[in-house]
Amino acid sequence: MPTNGVPTKITQGSGTKGGIGESTLRPDGTLKVTGEFAYSSDMWHEDMLWGQILRSTVAHAEIVSIDTSKALATPGVYAVMTYDDLPTDVKNYGLEIQDTPVLAHGKVRHHGEPVAIVAADHPETARRAAARIRVEYRDLPVVTDEASALAPDAVLVHEARDDHHIGHVPHPNVVHRQPIVRGDVEAARRRADVIVEGEYTFGMQDQAFLGPESGLAVPEEDGGVHLYIATQWLHSDLRQMAPVLGLPEDKVRMTLAGVGGAFGGREDLSMQIHACLLALRTGKPVKIVYNRFESFFGHVHRHPAKLYYEHGATREGKLTHVKCRIVLDGGAYASASPAVVGNASSLGIGPYVVDDVEIEALALYTNNPPCGAMRGFGAVQACFAYEAQMDKLAERLGMDPVELRQLNAMEQGALMPTGQPVDSPAPVAELLRRVKAMPMPPERQWESSEGADVRQLPGGLSNTTHGEGVVRGVGYAVGIKNVGFSEGFDDYSTARVRMEVAGGEPVATVHTAMAEVGQGGVTVHAQIARTELGVTQVTIHPADTRVGSAGSTSASRQTYVTGGAVRNACELVREKVLELGRRRFGSYHPAWATAELLLEGGKVVTDGGEVLADLADVLGDEAVEVEEEWRHRPTEPFDLRTGQGNGHVQYSFAAHRAVVEVDTELGLVKVIELACAQDVGKALNPLSVIGQIQGGTTQGLGVAVMEEIVVDPKTAKVRNPSFTDYLIPTILDTPTIPVDVLELADDHAPYGLRGVGEAPTLSSTPAVLAAIRNATGLELNRTPVRPEHLTGTG
Amino acid sequence: MDFLRPASWEEALAAKAEHPTAVPIAGGTDVMVEINFDHRRPEYLMDLNRIGDLDAWEVGEESVRLGASVPYARIMEHLRAELPGLALASHTVASPQIRNRGGVGGNLGTASPAGDAHPALLAAGAEVEVESVRGARRIPIDAFYTGVKRNALAPDELIRAIHIKKADGPQQYSKVGTRNAMVIAVCAFGLALHPGTRTVRTGIGSAAPTPIRARAAEEFLDAALEEGGLWDNGKTIPPSVAKRFAELCAAACNPIDDVRGTAAYRRHAVGVMARRTLTWTWESYRGAHRITEGAA
C-alpha cells in the first residue's frame, strides 16, 4: 500500500497521564447523560424578560402594513420592535454576503422569516402579544427551483445585488457558480468504451440538534451588552452583531452557553441580535428560547440538490472522464452557499483519479428555506451522486463495485480536478479493502426459538413482517472531504495558555474562544496541554470573547486549528518555563544548558530521563502566560473560470459498507450494519474519534432513509416542522457500526492529525442507498428513499 | 388557561358540565404536544390524575373493563393474554416514557385516525363507557368515531373506561411507519379471529378520515372460512382467499396523500398487512386447533 505513514515526531514525552492518544473522558459527559448539564435554554436571570419572534406565514410577499398597537397594549409587554426600530443603518447580516434582514423590510422572502420581536415578562405573554401583531401581506410569485429561478421573466429574490459574486453569475438568482475544467472531456469521451449518465435528487436535511436556539442578553452599565449564547463561532457572531446594534465590538461581550448540538446549524445567527436589541431597548436581561417548531425555521438546512452526472470508462474500468452539474438550492438568503458551491465543485468527482473533468456547481436563490452549513458541507450531496454513478458503471462493465473504485482510487500525489496535489496519505483503496474485509453480520438474525424478534426486522416493533418479503442487500461507498476553511480564507485560531502553581501543584489553564458543541475540544485541549507541559491538572477556561477568535467549530477543523493553536501556545509557555528554570537552577546542573529538556509528570527532565527540577519549584509564584494566533498553511481561491487553485488545506477519507434488510413488499428498511474505515492521521482521543465516526455515520443513514424537510412546491411553505414528521434515527434504527481507524500521519498537521467529524457523513448515505438497490434491483436516484419509492406507489 | 383539579369522578363530571370546553388531561402525551405546538390553547384544562379508578382494570367473564388512563405499558405487561391485539398495538406507541403515561382514553378522546389503539379496539370489539351529570352510557366502538378527530362524546361527557371483548382467538396488529420505533402511523391494521362466533373483525388506522373496519373483507372471509369448513378442519387458507381479503381491505381505505405517505402506498400497505396478519393469526389458530384435537 503506497503510503508514507511516518508519525510526526512528538517532541514532548508520553510520560504524562491523560495526554494525547488516550481516551480521556469528556468533563461534561456524566452531566449530560444524567440531565444535569446546563444548556443555553436553562439560563435564568433575575428580572429577565422573554423575547418572542413573529415570523412570516407566507414565503414571498410584500409587507403592506404592520400594526403593533395591540401587542404594545398587552399588559406585561415591554417592547415591540420592527424594522423601523433598528438603531443603525446596518440592518442586514450574513456570513459572507450581508443579505439577511435582521427584521423583514418591505417584503419577506421565505416562510418563517422574522418580521417583529416582542419582549414581555412571561413567555406566554410574549407569545400572545406577538400573535396580536397584524401584518398585511401582498403575495408575490414564488421561486422554488431552477426552472422558476432562471426563467427569462423570473422574479428576482434579491432585486439589487451588489455582492462580489454578482459579476460572474449567469443570473441574479444564482448566488455563486463555480466551474472546474481540466483536460479535454470531448476528447476523453471518444476514448470511453462505456458511458453512464444519471440524474439525482438530494432532499433537504435538517441538523436536528436537540438543544433549540437560545440565549440570554444582559445589558451592561457601560451601555454594552453581554450575550450568553449557544453558537459555533463567537467572534463571527460578534462581527455581524455589533454593527447592527450600533456598538463597538468591545462593548458586545460574548460567553458560550451550553450547546445542545450544532452540525452547522449554528454557524449563522439566529436570535442573537434580536435578544440584544430587546435587552438594550428595555434595559433588562432578555432570554429567547425557540420551541421545536420555531427551531425548524430558526436555522439554515442542508442544501437540497439536483445532480447530473456523466461518467466514462474504458472496458477495463479506468475512468476516462467525468462531467457533472450540481444545482444546490440555497433558499432565500446566501448564508454559506458560496463556500458550499466551492466544496461541491472541487470535491464533485470524489476520491478518484480522472484527468478530464468538467464540473459546474451553483447555488440558487429561491423562496425556499435558507440553506447553509451542515456536516459534510456540499461534499455530501456530490458523494451521493458520484457513488451511485460508480455502482452504475460497475454494473455496466460487469465489474465488482469495490474493485472498480480501487482501480480508480486516488493515492498520495494525485491531482484534484482543481490541479491541487494531494500531498498527504490518501488511502482510498485501503479503506475500501478494510471495510470489505470485515466479517459480515449473520443472515436472518431475527430468527429465535421464540419466533421472530421483530426488533431485528424492518418495521421493528411495529410488527410488519416476521421475515416475509425481506431481502438483504450490501453496498459500498467512499468519500472525500476537505478539512478547514478553504479558498484563501485566513483560517486561524487563538489560544491563551497559562501555567502557575496552585495548591503546590503546577496547573495549566487553556483559554480559547472555541465553541464546544459536542466535538470534544474541551477533552482534547486538556490532553494537548498535559502532553506539552507535563502537568496533570488542566483547567479549561469557559469560551468567551475576552480571548482572540478560535474560528468556527465546523469544517472538521477545531482539533486541527485550535488544537494546533493550543499546542503552539503550550510550546511557547514551555520555552518560557525552561528559560525560567535555566535562570533559577541552571547553575546547579550542566544538563540545563546542554540537554534537550522535556516537561513530564510535573518535572523538568532530560531526554535521557534525568529529573532536573519540580515544575512547582521552577515556577515558584510566577505565572507564565502566552496568547498567540496560529494558522495552518494558506490556501488559494479557485479560479472563477477554470476552478484551478490550491484551495484546500487537507483532505479526509472514509469508506462504508452497508448491510440492509429490506421488506420489499412494504418498502421498509432496516440497516443491519454500517461498517466504516477512516484515516484520522492521529487519533488524539480514540474514544472521541469513534464517537464522531459513529455519529456521522448515523446522520448519513438518517438522510438515506428518513430525514427530509418537505417544502410545498406551490407555496414554498414547510410541511413538517416537527419531530413527529421530521424523523431522525432512534437507537432501533441505528445499526451496529464497527469502526476501523487508520492513522497515517499528515506531516503538515499538528501531531499528523486529520479532521474527523465530517467524512463519515458522506459515504454512509450512498452506501445505504447502494445496499437498498442491491436488495431491490431498483434504480433509486433520490434520497431519502421512502416506502413509496420501493413499492411503486409514489 | 384555568387548571381544574377534581378530586373525584363526580367532581369531574360537575366541572365538565359547568365548563364543556374543558379539555381533560391524564397522561398528557397528546394534549401537551398540542399545547407546546400552539395548536391548541384550551380555556380550561381538567386534570384527571387525582381520580383513582381511571387507572385500574378489571377482567370479567366476557370482557376487560379498562380504565381510561391505564398506561400502555401496563396493558403490555398485564393484559397480553386477554387483549393481545391491543397489547401489540401498545408496543408500537411512541417511546417507553410515553407508554408509561399515555392510555387508551386519550387515544379515544383525540380520535385521530392515526391513534394506535383504534384498529385493535375495532378488531377486538369494544364499548366506550362515557358519563356526564346526565348519566352514563356505553357507545359501541363502531359508532364512536364520527369524523377526523371527532367522536360521539357529548360536550359534557367524559370517557371513564373501555370494555373490550376478551380474545377468543388469535389477534394481530401491524403498523407502518418510516422509522423502526417511535413513529406515527402511516397506516395500521388490526385483525382478530373470533372462533366463538366464527367471525373475523378488522381495524384500519390512518387510511381514512376515521379508523374503520373493512366490512366487505370481513364478510368475504367469514363466508370463505365457513364454506371451506376451515374453522373445523383447520386447513390452510387458500392463497386466492388471502389475496382477495387483502384486496378488499385495501379497497376499504379512503386515504389521502400527505407528508407521511401517499394514498396509493397506504392502500397497498394495508393490503400487505391484511394478508400477513391473516396468515399469522390463522397459522396460530390452526396450531391451537391441532393441539386441541390431539388432546381430545
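Based on alpha-carbon centroids, what's the gap between segment B:1-57 and segment A:515-593 in Å, whole number please? For segment B:1-57 versus segment A:515-593, the Cα centre distance is 58 Å. Once the convex hull of all Cα atoms in the protein assembly as shown is built, its volume per residue stands at 197 Å³.
DSSP beta bridges fully contained in segment A:654-746 are about 70 percent antiparallel. Fully extending the segment from A:ARG315 to A:GLU622 would add 103.3 nm, taking 0.36 nm per residue of separation and subtracting the current Cα-Cα distance. When you filter the trypsin sites (Lys or Arg not before Pro) in segment A:295-390 for DSSP loop state and at most 15 other Cβ atoms inside 10 Å of their Cβ, you are left with A:ARG315. In this structure, the residue pairs whose Cα-Cα separation is over 19 Å, taken from A:LYS670/A:LYS717; A:LYS481/A:LYS670; A:LYS107/A:LYS717; A:LYS17/A:LYS603; A:LYS323/A:LYS392, are A:LYS670/A:LYS717; A:LYS481/A:LYS670.
Shielding of peptide B:255-268 by partners, expressed as the average count of other chain Cβ atoms within 10 Å per residue Cβ, is 5.
Under the simplified labelling scheme, the A:ASP145-B:THR21 pair shows an inter-label distance of 4.4 nm, with each label point 7 Å from Cα along Cα→Cβ. Only Lys, Arg, Asp and Glu carry charge here, each on its Cβ (+1 for the first two, -1 for the last two); on that basis chain A has a dipole of about 620 debye about its Cα centre. Comparing Cα centroids, segment B:84-104 and segment A:716-794 end up 30 angstrom apart. Stretching A:THR88 away from A:VAL741 to a fully extended chain increases their span by 229.9 nm, per 0.36 nm per residue minus the current alpha-carbon distance. In percent, rounded to a whole number, the relative contact order of chain A is 17, using alpha-carbon pairs under 8 Å and six or more apart.
Using C-alpha pairs below 8 Å separated by at least 6 residues, the relative contact order for segment A:663-794 is 43 percent. Using Cα atoms only, what is the angle between the long axis of helix B:239-252 and the major principal axis of chain B, expressed in degrees (0 to 90) to the nearest 10? Value to nearest ten degrees: 30. Put simply, the Cα atoms of segment A:551-644 extend 66, 26, 20 Å along their principal axes, the longest span coming first.
At an R0 of 60 angstrom, the distance between the Cβ atoms of B:VAL59 and A:HIS45 translates into a FRET efficiency of 0.65. Selection among B:LEU4, B:TRP57, B:LEU86 by position relative to the dipole of segment B:2-165 gives B:LEU86 as farthest towards the positive end (Cβ unit charges, Cα centre). Just the number, please: percent antiparallel of the DSSP beta bridges in chain A, rounded to the nearest 5. Counting DSSP beta bridges with both partners in chain A, the antiparallel share is about 80 percent. Taking the C-alpha atoms only, the angle from helix B:263-295 to the longest principal axis of chain B is near 70 degrees.
One Cα centroid belongs to segment A:151-224, the other to segment A:49-116; the line between them spans 25 Å. Between A:THR730 and A:VAL611, full extension at 0.36 nm per residue minus the direct alpha carbon distance yields a gain of 37.5 nm. If R0 is taken as 25 Å, the Cβ-Cβ distance between A:GLU36 and A:LEU210 corresponds to a FRET efficiency of 0.95.
Against the empirical 2.2 N^0.38 Å (N residues), segment B:169-296 has a Cα radius of gyration ratio of 1.10. Take each residue of peptide A:122-132, count the partner chain Cβ atoms within 10 Å of its Cβ, and average: the result is 1. Across q = 0.08, 0.14, 0.16 Å⁻¹, chain B modelled as identical point scatterers on its alpha-carbon atoms has Debye log10 I(q)/I(0) values of -0.35, -1.00, -1.26, in the order of the q list.
Candidate cross-link partners of B:LYS16 among the lysines, defined by an alpha-carbon separation under 30 Å and a same-chain spacing of 8 or more, comprise B:LYS149, B:LYS165. The GluC sites (Glu not before Pro) of segment B:199-296 include none that meets both criteria, a DSSP state outside H, G, I, E and B (loop) and at most 16 other C-beta atoms within 10 angstrom of the site's C-beta.
Computed from the C-beta positions of A:ASP639 and A:ASP355, the FRET efficiency with R₀ = 22 Å rounds to 0.75.
In this label model, B:ALA14 and B:MET32 are separated by 2.9 nm, measuring between points 7 Å along each Cα→Cβ vector. Of all DSSP beta bridges confined to segment B:1-127, the antiparallel ones make up roughly 40%.
A crude spin-label estimate for the pair A:ASP153 and B:VAL148, with each label 7 Å from Cα along the Cβ direction, gives 3.5 nm. Counting only other chain Cβ atoms within 10 Å of each residue's Cβ, the peptide A:291-303 averages 1. Once Rg and the Kirkwood radius are both taken over the C-alpha atoms of segment B:2-165, their ratio Rg/Rh works out to 0.93.
Readers should treat all values here as calculations from the given coordinates under stated rules, not as data from a laboratory. Quick caveat: nothing in here was measured; it's all calculated off a predicted structure. Backbone-built Cβ (ideal geometry, glycine too); neighbour counts: all protein chains shown.
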